[in-house]
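Each value in this text was obtained by applying a stated rule to the coordinates, not by laboratory testing. What you see is a predicted model, and the numbers here were worked out from it, not measured in a lab. Note that each Cβ is placed from the backbone with ideal geometry, even for glycine, and that neighbours are counted across all protein chains shown.
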Amino acid sequence: MLQQDVVNLIRDDERMMNILQMVKSLGLPDWCVCAGFVRSKVWDYLHGIKETRLPDMDVVYFDADSTDESIEKEYERNLKELDSSVPWSVKNQARMHIKSGHLPYTSTVDGLSHFPEVCTAIGVYLNSSDEVTLVAPYGVEDLIKLIVRPTPYFTSGDKLTIYEQRIASKKWEATWNRLRIIRF
């Protein structure tokens, strides 16, 4: 499996394409649908699972000029009007550095690079030609090799503790038993 195979999996999934079209319709700047949306699709495919249910649909974007959280909630309401069955979660990466205790992010890709796990720091969006475009600051190798490891920002101290707590709480290996989880 290669990066293009990941794109093809998403492109060939009608539900995923509908979700991407709905998000694109908002006209968000520098956006993508990320984390479990991509990760779970690939892991499901590699494990022969039809589809696992996502606890939330992570939509991220970057707008440094408009960082009020209420705007994110308005986007969530707009998406719920389009499809109330999807558990939408919209976050502006221009303000998420505050929650994470990092320096300000410069883009959505920069925000993704600060996610706890490499296999979660991945997203997709539809470009101007409606082609699925992958965003993966660390590439897709860990994702397709079923490896769970921390991003460079989560390898020590309190950040490593956050990574370890996430691994324990997510219980991913109960669903995807071939994962290789890197623990410290």
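Structural remarks
- Listed by chain and number, the lysines whose C-alpha is less than 21 Å from the C-alpha of K80, apart from same-chain residues fewer than 8 away, are K24, K91.
- Under a Gaussian network description of the chain, with springs only between Cα atoms under 10 Å, the residue in A64, A174, A35 that fluctuates furthest is A174.
- Applying the criteria of a DSSP loop state and at most 14 other Cβ atoms within 10 Å to the GluC sites (Glu not before Pro) of segment 117-184 yields E131.
- Comparing V23, V86, V132 in a Gaussian network model of the chain, where Cα atoms under 10 Å apart are tied by springs, the biggest mean-square fluctuation is seen for V86.
- If you run the Gaussian network model on the chain, springs between alpha carbon atoms under 10 Å, then out of I122, I147, I98 the most flexible one is I98.
- 14 Å Cα-Cα reach of K159 towards aspartates and glutamates, excluding residues that sit fewer than 8 places from it in its own chain: E117
- Which of S156, S100 has the fewest Cβ neighbours within 10 Å, and the rest in rising order: S156, S100
- Distance from the C-alpha centroid of segment 31-80 to that of segment 116-184: 14 Å, rounded to the whole angstrom.
- Virtual spin-label span in nm between H47 and E81, 7 Å along Cα→Cβ: 3.7 nm
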